[in-house]
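J.: The structure under discussion is supplied below as structure tokens; questions concerning it will follow.
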Amino acid sequence: MTALRQDVARLYREVCARGLNVGSSGNVSARAGLGMIITPSGVRGDTVDPADLVRMDFAGGHEGPLAPSSEWAMHAAIYRADPAAMVVVHTHSDAATALGALGLGLPAFHYDIAQFGGDDVRLAPYALFGTRELADHAVAALDGRRACLLAHHGMICHGRDAGAALLAAVRLETMARQYLMALSAGAPRILGASEMAAVHERYKTYGQQPALKA
């Protein structure tokens, strides 16, 4: 458990150091048994300590003197909905938030959209932060995906471990920025279903090295 706390605290510090969150905005968590460990409410990334993290169950019960992030319900809903989600990152990063403010998801303007599990990154409708309504919207937008945008809010994504979740957040912010750049110059061509099907097929073996003979 100590190692997990260190991983989550390190992840939150890294997310903030990369400019994906400012101050105490955003939050990260990791699945822990039948519950999770999540960053506390109001704690900044540059000051977070592993001991500050809050152990809690998915119903909202928590241990220790600090209150969990106001977005704990969104994290809990994602863990309940997808057993593959092990670490969740939520940010208020610039480009993702800008797309959400425009009411835009992220279409297949680039083949690497497939890395998030589908042919697009959906936009979850707006709901007040910290509510069950927002949690439900996020889970629906994440169905079959590893990331989504949140209208007038930011993004949320998950991975198999802290490294994968951080990479998903960085990749999503990068692609959101690239899409905004493309939109500023014109109307980007969106890859079609058959083109994306070929990408998904290629990704089944992409990056795999052949086994070395002894």
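J.: For the range 75-98, which residues satisfy the criterion of being closer than 16 Å to A168 by Cβ and buried (at least 20 other Cβ atoms within 10 Å of the Cβ)?
T.: Once the filter is applied, which keeps residues that are closer than 16 Å to A168 by Cβ and buried (at least 20 other Cβ atoms within 10 Å of the Cβ), the range 75-98 yields H75, I78, Y79, A85, V87, V88, V89, H90, T91, S93, A95, A96.
Yes/no matrix, rows are residues, columns are (1) at pLDDT below 95; (2) within 14 Å of the chain's Cα centre (by Cα); (3) under 27 Å from G207 (Cα atoms):
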{"site": "S93", "(1), (2), (3)": "no, yes, no"}
{"site": "F109", "(1), (2), (3)": "no, no, yes"}
{"site": "G118", "(1), (2), (3)": "no, no, yes"}
{"site": "P125", "(1), (2), (3)": "no, no, no"}
{"site": "D136", "(1), (2), (3)": "no, no, no"}
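J.: So V48 fits all but one of (1) farther than 15 Å from R13 by Cα; (2) modelled with pLDDT under 95; (3) not charged (D, E, K, R); what number is the exception?
T.: (1)
J.: On to the next question. Of (1) under 28 Å from A30 (Cβ atoms); (2) in a loop (DSSP other than H, G, I, E, B); (3) of a type outside the set (G, A, S); (4) in contact (Cβ under 8 Å) with a residue 40 or more places away in the chain, I190 satisfies all except one. Which?
T.: (1)
J.: So which residues in the range 126-144 are within 22 Å of Y111 (Cα to Cα) and surrounded by fewer than 18 Cβ atoms within 10 Å (Cβ to Cβ)?
T.: From the range 126-144, those within 22 Å of Y111 (Cα to Cα) are 141-144; that's our starting set.
Matches in the range 126-144: D143, G144.
J.: Cβ contacts < 6 Å: first residue farther than 18 Å from G100 by Cα, restricted to the range 110-129; second residue charged (D, E, K, R) and in a loop (DSSP other than H, G, I, E, B), any location; separation 6+ or different chain. Result?
T.: Final answer for the pair search is G117/R145; G117/R146; G118/R145.
J.: Next question. Filter the range 148-173 down to the residues that are under 19 Å from Y111 (Cβ atoms) and out of contact with any strand residue (DSSP E or B) (no Cβ under 9 Å at 6 or more places or on another chain) and list them by number.
T.: V170
J.: I'd like to verify a number: residues in the range 193-214 that are among the hydrophobic types (A, V, I, L, M, F, W, C), in a loop (DSSP other than H, G, I, E, B) and at pLDDT 85 or above, how many? Give the steps one after another, and end with the answer.
T.: From the range 193-214, those among the hydrophobic types (A, V, I, L, M, F, W, C) are 193, 196-199, 211-212, 214; that's our starting set.
Now drop any that are not in a loop (DSSP other than H, G, I, E, B), which leaves 211-212, 214.
From what's left, at pLDDT 85 or above: none.
The qualifying residues number 0.
J.: What's the number of the only condition in (1) within 23 Å of R160 (Cβ to Cβ); (2) touching a residue at least 40 places away in the same chain (Cβ under 8 Å); (3) in a loop (DSSP other than H, G, I, E, B) that V22 fails to meet?
T.: (1)
The values are calculated or read from the model by the stated rules, or taken from the named source; none is laboratory data. Only a predicted model underlies this, so the values are computations on that prediction, with no experimental measurement involved. A quick note on method: Cβ atoms are made from the backbone with ideal geometry, for glycine too, and the neighbour counts reach across all protein chains shown.
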